[in-house]
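The values are calculated or read from the model by the stated rules, or taken from the named source; none is laboratory data. Because the structure is a prediction, the values reported are computed rather than measured. Here the Cβ is made from the backbone with ideal geometry for all residues, glycine too, and neighbour counts use every protein chain on show. For accessibility, only protein heavy atoms count, side chains too; no ligands or nucleic acids. Shrake-Rupley method; radii C 1.70, N 1.55, O 1.52, S 1.80 Å.
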Amino acid sequence: MLLSVPATSANLGPGLDVLGLSLDLRNTFSITRAKTISIEIYDEGQNVERFIADNMFVKIFYKTLESLNVPKSPFSFVFTNQIPISRGMGSSSAVIVGAIAAAYKVAGLQLDKEEILTRALTQEPHPDNITPATFGGFNVAMLGVGAQRGRVFHLKHNMPSYLRAVMVIPDRPISTKYSRQTLPKRYTSNDVIFNMSRTSLLTMAITQERWDLLALASKDRFHQERRMRQYPILFSVQKCALENGALMSTLSGSGSSFFNLCLEDDMSHLLQTLQKKFYRFRVVPMRLDNEGLQLLDERL
């Protein structure tokens, strides 16, 4: 069996834990029946012993099989990872979604993306990354409450093919757990209104292709500046991107990567400028993704 799940960029400025979109940069998971369990990792995470000894994908895969009443049996796992680890590009969400989807296929079930998303929520309590990882595109997602607790309510919008992302990927991570601890417990009404208005405008601007509004609509008072203070050079990344063709420039998830959206015609200049100024970082151009989780080969 061969599955792939894309990278994601969440929050997009003001949409903390709500907004996210899918990037055409994928982790690929190969699972085949075997006599003993074996794990191979290529590219990101390669030669990291703890990813072999305590593999997140394998743990979630077998836990999901157990919940589906499928007896445990050995498989060979081969992971080819393009998504940077601990850089705010949804590597954990890709693993979670991929592992659950793989278990569903081994159990003989169809890949119902809504079911997979619901199960993914038990592993990742925030829907902003797991939703675009599953469905692709630009997503607005929220959690149900009360009788609807445990469900993700979401809407997807396909992104046009003439847009590009230029990701600036620093050489150091920002811990999502620590980063979240730096956020305040309460916000002022002015800050809440500021973010609500911009999240709403950003969503409408994307769906109506009003790219001229993105720089204004992607401003934030909830989390971004507090997280960027952990790595102040990110302020320079954002400023440089917005001055050189980026339609919007936002911290990707909790960081440390920066998401820069641009028109295809402006990508070359933006890419070269960021590469020249931030030569110690990876600066990677990529398309946006509208597919999300993909099953490439069903054979075990």
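Averaging 1/r over each pair of different alpha-carbon atoms in the chain and inverting the result gives 19.6 Å, the Kirkwood hydrodynamic radius. As a fraction of the 1.4 Å probe accessible area of the range 213-292, surface on carbon and sulfur atoms comes out at 49 percent. Per residue, the range 129-256 exposes an accessible area of 50 Å² to a 1.4 Å probe, with every protein chain left in place. Since only 138, 48, 108 are under comparison, the one whose Cα sits farthest along the positive direction of the charge dipole of the chain, derived from C-beta charges on Lys, Arg, Asp and Glu, is 48.
Mean-square fluctuations from a GNM of the chain, with a 10 angstrom spring cutoff on Cα atoms, peak among 90, 245, 137 at 245. The accessible area of residue 240, taken with all protein chains in place and a 1.4 Å probe, comes to roughly 10 Å². The Cα atoms of the range 108-207 give a gyration tensor whose axes a ≥ b ≥ c have a/c under 1.5, which makes the shape rounded.
Would you look at the GNM of the chain, springs on alpha carbons closer than 10 Å, and say which of 169, 41, 193 moves the most? The residue with the greatest mean-square fluctuation here is 193. Here the spin labels are modelled as points 7 Å beyond Cα on the Cα-Cβ line, and at residue 177 and residue 298 they lie 4.0 nm apart. Between amide H atoms placed 1.01 Å from N, distances below 5 Å from residue 23 occur with 7, 8, 9, 289, all of them 5 or more places distant or on a separate chain. Between residue 269 and residue 52, the simple label model (points 7 Å from Cα in the Cβ direction) yields a spacing of 4.9 nm. The phi torsions of the range 183-196, fed into the Karplus equation with coefficients 6.51, -1.76 and 1.60 and a -60° offset, translate into couplings of 7, x, 6, 9, 10, 6, 4, 4, 5, 5, 5, 4, 6, 4 Hz, rounded to whole numbers, with Gly and Pro shown as x. Accessible area ranking (1.4 Å probe, heavy atoms, ligands and nucleic acids excluded), largest first, for 115, 44: 115, 44.
Cross-link list 156/185; 72/105; 185/219; 59/113: which exceed 24 angstrom alpha carbon to alpha carbon? Check vs 24 Å cut-off fails for 156/185. Among 120, 34, 107, the residue with the largest mean-square fluctuation in a Gaussian network model of the chain, with springs joining Cα atoms closer than 10 Å, is 34. 3J(HN,Hα) couplings calculated from phi for the range 232-245 with the Karplus curve 6.51 cos²θ - 1.76 cosθ + 1.60 (θ = phi - 60°) are, in sequence order, x, 4, 5, 5, 5, 4, 4, 4, 5, 4, 5, 7, 10, x Hz; Gly and Pro show x. Starting from a Cα-only point model with no solvent, please compute log10 I(q)/I(0) by Debye for the range 154-206 at q = 0.27 1/Å. Evaluating at q = 0.27 Å⁻¹ gives log10 I(q)/I(0) of -1.00. The alpha carbon gyration tensor of the range 1-150 gives principal lengths a ≥ b ≥ c with a/c of 1.5 or higher and a/b no greater than b/c, which makes the shape oblate. Distance distribution P(r), the range 130-286, all Cα-Cα pairs, bin width 10 angstrom from 0: 10, 34, 40, 14, 2, 0 percent. To the nearest 10, the accessible area of residue 178 is 120 Å² with a 1.4 Å probe. Fully extending the segment from residue 211 to residue 145, taken as 0.36 nm per residue of separation minus the present Cα-Cα distance, adds 20.4 nm. When its C-alpha radius of gyration is set against 2.2 N^0.38 Å (N residues), the range 27-85 gives a value of 1.14. What you get for the chain, charging only the Cβ of Lys and Arg (+1) and of Asp and Glu (-1), is a dipole of about 880 debye around the Cα centre.
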